[in-house]
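See structure below.
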Number of protein chains: 2
Amino acid sequence: MTGIGITSNQRGRNVAEGLATAIHEHRLSPGMKLNEDEVGEIFGVSRTIVRSALQTLSHAQLVVIEPNRGAFVARPSIREAREVFEARALLETRTAHSAATRATPEDIALLKRHIDEEHRAFDAGETGRALRLSGDFHIEIARIANQATIAAFVRQLVARSSLIIALYWRRRQATCESHAHHALLKALEAHEADRAKELMTSHLVDLLSLLDLTEPTDAPASLKEAFRLP
Amino acid sequence: MTGIGITSNQRGRNVAEGLATAIHEHRLSPGMKLNEDEVGEIFGVSRTIVRSALQTLSHAQLVVIEPNRGAFVARPSIREAREVFEARALLETRTAHSAATRATPEDIALLKRHIDEEHRAFDAGETGRALRLSGDFHIEIARIANQATIAAFVRQLVARSSLIIALYWRRRQATCESHAHHALLKALEAHEADRAKELMTSHLVDLLSLLDLTEPTDAPASLKEAFRLP
DNA sequence: TATTCCCGGATTGTATACGATTTTCGCCTC
DNA sequence: GAGGCGAAAATCGTATACAATCCGGGAATA
């Protein structure tokens, strides 16, 4: 569930999701140019559809459209990085709290499977997929909280976090992640709302503190290889 | 500043703003069909631009696009109404608090002028404009809080509130509004952050409690008359 | 009269054509 | 070799054409 906003346009939605997933899995890096013809060729659609998808992504702030110059994968500034995590702390303490009071055994089971899969992906060296799954964990909690409006914001912020991590994450200890998620899961399962809230706060503070918020190095790459085409 | 998300498309942006303002001022009612040709004719642009604008508005959840059926001004459900005000309470307590610590004399002066204009519009019987200005007051506070990420969310929520009010507001005492705004202003001016926070909370709770959250009556109308065309 | 079916008009979905703008790159000058 | 200039190529912005879909109304039937 790598959801962006609601598009009516089914094909445009598919393209947007494809690009978003690639961004979440760090196959597309911040700053990369998204040429309309090229994207269209990759997904087998016309520029009309591609433009619709790019507009969708720009609303989610995953993409920046520069007039007459084209669309680029967004490069969140240091300031934006802080803002995103601050907003997440504000919103996700709420979702964690609410999810703890509402979580059903099925929800817990789902989250467990999520963590397992995240672990497996990480052990298999599929760091991109692991990263995406780790974001999905937060989105799942927002869904359980049963507040669609806030959940939509969280989805957006998690997506942007993925770009922030791509830009500012330089250390390699990605393991702490799943420990924090496991602790959160336990709190949710025991319906300890206040504890879940605190765990979420410290988890997000941890994440932010692990970032190296200095000017990022450039990391260009090719669009086609992100989608494994010749 | 009736801002929606960032569109590159300048013309599409203008159309989106025009429609959004009309929604804020209750000239376009929830459920109204937004025919692409008709909108295009009103703004003097082709359907390409209109579609872009409608997509923008659908991301802001001011418009719902039903595949193969067209775009309609959104009709927030009772549940959505509660969710929006709950999210606003969460986000705007933060913006109020932060704005109170940061507000400069210029900010205060701007807010004062805002309230005055709101008053004037209300006294002049321009309830639509008064309504929009009252929303802008909240957006201005979010701007002063200097947290662009949260401010963008607040803008969206304020815009949706306008639809909610159009649907569920049945009493006629719109006066309480500006009293609450005035009290808030005083707290901001005195840098009483905690007080500003509490005032904001109770203001939003008040607003929600003044709504009649029962199934709304239909209120159809014509698109062209919303823009005063023959 | 109520119901179903089918067709024509209206409206949306998508591709494509063409003008506008930017980018690239060879060439000239200094 | 650096820098500036200009034309060609690449790319984006918008309108329009055509296909796909939906909607409403009238005829046929029971």
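Just so it is clear, none of the values below were taken in a lab; they were calculated from the coordinates. From a predicted model like this one, the values you see are computed outputs, not experimental measurements. Neighbour counts run over all protein chains shown; Cβ positions are idealised from the backbone, glycine included.
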(request) Tabulate in residue order the Karplus-calculated ³J(HN,Hα) for the stretch B:58-66, using 6.51 cos²θ - 1.76 cosθ + 1.60 with θ = phi - 60°, rounded to whole Hz; enter x for Gly and Pro. (result) 5, 5, 7, 6, 8, 9, 10, 9, 9
(request) Would you please classify the overall shape of chain B from the alpha carbon gyration tensor, given that a ≥ b ≥ c denote the square roots of the eigenvalues, rounded means a/c under 1.5, and beyond that prolate means a/b larger than b/c while oblate covers the rest? (result) prolate
(request) Would you mind checking the tilt of helix A:127-144 against the longest principal axis of the Cα atoms of chain A, expressed as 0 to 90 degrees and rounded to 10? (result) 60
(request) May I ask you to sort A:Ser134, B:Ser98 by Cβ crowding, counting other Cβ atoms within 10 Å and putting the fewest first? (result) B:Ser98, A:Ser134
(request) Please give, to one decimal in nm, the separation of the simple spin-label points placed at B:Ala109 and A:Arg170, each 7 Å out from Cα toward the Cβ. (result) 4.4
(request) Tell me the distances, shortest first, between B:Ile78 and the same position across the other copies, using label points 7 Å along Cα→Cβ, in nm to one decimal. (result) 5.1
(request) Measure nothing but the geometry: give the 0 to 90° angle between the long axis through the Cα atoms of A:105-123 and the longest principal axis through the Cα atoms of chain A, rounded to 10°. (result) 60
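For chain A, what is the charge dipole size about the Cα centre, in debye to the nearest 20, if Lys and Arg each add +1 at the Cβ and Asp and Glu each add -1 at the Cβ?
Here the size comes out at about 360 debye.
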(request) For the stretch B:56-137, compute Rh as the Kirkwood radius over C-alpha pairs and then the Stokes-Einstein diffusion coefficient at 25 °C and 0.890 mPa s; write the answer in µm²/s, rounded to an integer. (result) 158
(message) Taking θ = phi - 60°, what integer Hz values does the Karplus form 6.51 cos²θ - 1.76 cosθ + 1.60 yield along the stretch B:180-192, in sequence order, with x for Gly and Pro?
(response) 4, 5, 5, 4, 4, 4, 4, 5, 5, 4, 8, 6, 8
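R0 = 56 Å: FRET efficiency of B:Glu117 with A:Ala124, Cβ-based, nearest 0.05?
The computed FRET efficiency comes out at 0.40.
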(message) Under 8 Å for C-alpha pairs, at least 6 residues apart: give me the relative contact order for chain A, rounded to a whole percent.
(response) 29
(request) Read phi for every residue in the stretch B:29-36 and hand back ³J(HN,Hα) as whole Hz from Karplus 6.51 cos²θ - 1.76 cosθ + 1.60, θ = phi - 60°, with x for Gly and Pro. (result) 9, x, x, 5, 6, 10, 5, 5
(message) Quick query: amide H of A:Gln147 versus all other amide H atoms, modeled in the peptide plane; which residues come in under 5 Å with a sequence gap of 5 or more or a different chain?
(response) none
(request) Using a/c under 1.5 as the rounded threshold, could you call the stretch A:78-209 rounded, prolate or oblate? The axes a ≥ b ≥ c are square roots of the C-alpha gyration tensor eigenvalues, and prolate needs a/b larger than b/c, oblate otherwise. (result) oblate
(request) Based on other C-beta atoms within 10 Å, arrange A:Met32, B:Met200 from fewest to most. (result) A:Met32, B:Met200
(request) Calculate the spin-label point distance for A:His179 paired with A:Asp194, positioning each point 7 Å from the Cα along the beta-carbon direction, and give it in nanometres. (result) 2.5
(message) Run lengths n ≥ 4 of DSSP H only: what is the helix-derived mean residue ellipticity at 222 nm for chain A, with -39500 (n - 2.57) per run over all residues, to the nearest 500?
(response) -22000 deg cm²/dmol
(message) Please find, among residues of chain B, the one with the beta carbon closest to the rotation axis relating it to chain A, distance in whole Å.
(response) B:His59, 2
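Among B:Glu41, B:Glu118, B:Glu189, rank each residue by its count of other Cβ atoms within 10 Å, from fewest to most, as a rough exposure measure.
Ascending number of Cβ neighbours within 10 Å: B:Glu41, B:Glu189, B:Glu118.
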(message) Can you tell me, using C-alpha contacts under 8 Å and at least 6 residues apart, the relative contact order of the stretch A:78-209 as a whole percent?
(response) 44
(request) Please say if the stretch B:11-69 is rounded, prolate or oblate, where rounded means a/c under 1.5 for a ≥ b ≥ c the square roots of the C-alpha gyration tensor eigenvalues, and otherwise the choice is prolate for a/b larger than b/c and oblate otherwise? (result) rounded
(request) Rounded to the nearest 10 degrees, what's the angle between the helix A:10-24 long axis and the longest principal axis of chain A, both from Cα atoms, 0 to 90? (result) 70
